[in-house]
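Comments concern the structure below.
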């Protein structure tokens, strides 16, 4: 007997028929002798419907009231799911996040789980019931409802897996698993059987949408294996787990791209201590998250032959914050002494990821060569231990993905 | 400064525009210097929509899961109402029933409030906020969500008025107040300024739909005055309160009718001790509530001149239970010794109500004369201290209401 957490996303419970289908899947696991806890998202479209109602009343709705409103979405899902199970003769009880003992901080709309008291769920499991828990939500110390932000149901599932010492945490979604790259972009994309937490984190940060970063971090911290599977197929999915020797043999395991960023360059800023900090603190104060940062020194000489150290300072921000960031820079660029401020929202970021990169030389070279062969120019490069990202012209994004997928032979199983 | 409970029903919050309207109303009361607690029903149609989803999954859904599902309706209302208030610059917080401290027994779907801990609401009122509470719902000792049954939001409002020692409990609805009779049946129907708890209870029991019986009982037990008003008009409404001398001067204050009952008669049952009890216990065991009961003794003589005491035994049951009751009676009537079993689902009950009836003779006579004058036959009569009900042929129901309204001059203010 194993203890299993099964999380079904919004598209897997989008209709009553789909709810019936996934109810059967949970019951099948129970009938195999397992203890089953089901975590659900709101039915697809419901959260957006509720946000629409709120926005029609208030253009900047209070996060506390939004959480009260949005929490109804998952509550509806779990009650309907429980009824579907009961119609199939199964013993089951549904729970809101707070009833399942999920405590969070008070950061409405993006709360973090601080503690879980799973005693009620344990009682129900011991009675032979399936416990169905509303994902995405919890309760703060004031007794107010909170939500964990988009993708929060994954976090709920992993956190419950930790609290209940579950044997496995299954994340059911509308894709077969984690792919070497986006199959819509590259038809040679291959589903991976296993991927390490670190690789998944990089892929998720870099644009892969299957898993939320927070839930992967949580799983990594507590060594909970996440099994990503298709909700309505029996294919074997992808296991997100500790890295192993096989993974390390392969230098690159995934390619990802994002077109949701913009680049801003301050030309010829005086190269003095604290300039970069001044620029970046201004941006972070506005609540904008900077991704890549690059600084290039140059030296200029004035008519008297006086030497001045200058620097070109570039960074990327989310595309939605591009306009606001440009305004900020234009307002302060002069004060900082920048000669010119350039903006470019016509960029893409292409990245390769793999834990094996640590042990393989020449990965960057191969990447740059593959892109150069397609005539693709690199305007920024950023690296970490297990990834390399390049900023390129947006129109080349998909070509670059395919070129890198081929260059690193990702269509071939490791 | 007064402490005011305002309850708005589903039709008063049916759309976002209506929610904005009633939000303004609550804010107006606050701006007059009062402490305001708002209790809301689900948006009109929402509860039925949720019931429809549940029924599509399970033909007899578990009451516990239904409560989890239905509780989302009021939760949505209160969050949207709070956002509407905030858009108007008002300080406000919304609460689920359990957050407002409303504790109930475990009778899902028709739970009774057992206790209220209003400390959270008091805190918010003290901070100058409007507190918006989801009606119709609470929490049981297991921590499960419960609902109070249809009309439960009225009960929530009155119970909060008691717990918070409110000065007034305003029930906003889609009518102007309590009428002497149904204005759709009798165009001379007159809105009453005041009505006693007892009269309201009788009217509600007898078919008037404005107020739920339980909430009126609760208000009576704790002497909380209920002010029934139109949500979208400034008319003065009706006060439900202790009876006073003015009310007692008038023998009859309201006329009501119901066509939701059926009559069953067991002819010539042997008149032995315990027969009535046997018949009625059989019915109550089936969960059917008997309303009127009438027994008529007769004596028959057999061919040997032997005298037998017999009785005709009639009672009424809700129309929805008519078929089931007839089956029960047919299955056991013979055993009991009934000669014949008659059923009639073509009946109406017409009633007159008034606390003044206690002190006025001849009220029944005037009622029967008024009906006789219209050629209406009475098949059953039942009386209490402050009401007289008659069962008549269904087709005469509305005519009877108008005749009685005229006979007792209810169009004239007391």
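The values are calculated or read from the model by the stated rules, or taken from the named source; none is laboratory data. A quick note: this is a predicted structure, and the numbers were derived from the prediction, not measured. Methodologically, a virtual Cβ is constructed for each residue, glycine included, from the backbone with ideal geometry; neighbour enumeration extends over all protein chains shown.
Here are some notes:
- Test result for residue B:231, closer than 30 Å to residue B:330 by Cβ, touching a helix residue (DSSP H, G or I) at 6+ places or on another chain (Cβ under 6 Å), outside the structural domain of residue B:164 (by TED's automatic domain parsing) and crowded, with 20+ Cβ neighbours inside 10 Å: no
- Test set (1) modelled with pLDDT under 95; (2) under 15 Å from residue A:136 (Cα atoms) - residue A:39 fails condition number: (1)
- Residue in segment A:111-126 that is surrounded by the most Cβ atoms within 10 Å (Cβ to Cβ), counting only those that are away from chain B (no Cβ under 12 Å) and in a loop (DSSP other than H, G, I, E, B): A:111
- Of everything in segment B:19-41 that is out of contact with any helix residue (DSSP H, G or I) (no Cβ under 8 Å at 6 or more places or on another chain) and either without any contact (Cβ under 8 Å) to a residue 24 or more places away in the chain or buried (at least 23 other Cβ atoms within 10 Å of the Cβ) (or both), the residue that is farthest from the other protein chains (Cβ to nearest Cβ) is B:32.
- Single residue of segment B:369-398 satisfying the filter (loosely packed, with under 13 Cβ neighbours inside 10 Å and assigned to a loop (DSSP other than H, G, I, E, B)) that is modelled with the lowest pLDDT: B:385
- Residue A:283, sole failed condition from (1) in contact with a helix residue (DSSP H, G or I) (Cβ under 9 Å, 6 or more places away or on another chain); (2) under 27 Å from residue A:392 (Cβ atoms); (3) surrounded by fewer than 18 Cβ atoms within 10 Å (Cβ to Cβ); (4) in contact (Cβ under 8 Å) with a residue 40 or more places away in the chain: (3)
- Within segment B:66-99, the residues that satisfy the criterion of being more than 10 Å from every other protein chain (Cβ to nearest Cβ), more than 25 Å from residue B:53 (Cβ to Cβ) and out of contact with any helix residue (DSSP H, G or I) (no Cβ under 6 Å at 6 or more places or on another chain) are B:89, B:91.
- Output for segment B:142-156, where each listed residue is part of a loop (DSSP other than H, G, I, E, B) and under 27 Å from the mean Cα position of the chain (by Cα): B:144, B:148, B:149, B:150, B:151
- When B:299, B:289 are screened for being within 27 Å of residue B:348 (Cβ to Cβ) and assigned by TED's automatic domain parsing to the domain that holds residue B:384, only B:289 passes.
- Criterion (more than 10 Å from every other protein chain (Cβ to nearest Cβ), crowded, with 21+ Cβ neighbours inside 10 Å and on the phi < 0 side of the Ramachandran plot) met by exactly one of A:44, A:7: A:7
- Only a single criterion out of (1) surrounded by fewer than 16 Cβ atoms within 10 Å (Cβ to Cβ); (2) closer than 17 Å to residue A:330 by Cα; (3) touching a strand residue (DSSP E or B) at 6+ places or on another chain (Cβ under 8 Å) is not satisfied by residue A:246, namely (2).
- Any chance residue A:160 is touching a helix residue (DSSP H, G or I) at 6+ places or on another chain (Cβ under 8 Å), in the same structural domain as residue A:103 (by TED's automatic domain parsing) and surrounded by 22 or more Cβ atoms within 10 Å (Cβ to Cβ): yes
- Screening residue B:108 with (1) out of contact with any strand residue (DSSP E or B) (no Cβ under 6 Å at 6 or more places or on another chain); (2) within 13 Å of chain A (Cβ to nearest Cβ); (3) over 24 Å from residue B:231 (Cβ atoms) gives one miss only, at (1).
- Count of segment A:311-339 residues, restricted to those that are touching a residue at least 24 places away in the same chain (Cβ under 8 Å), under 18 Å from residue A:277 (Cα atoms) and part of a helix (DSSP H, G or I), is 7.
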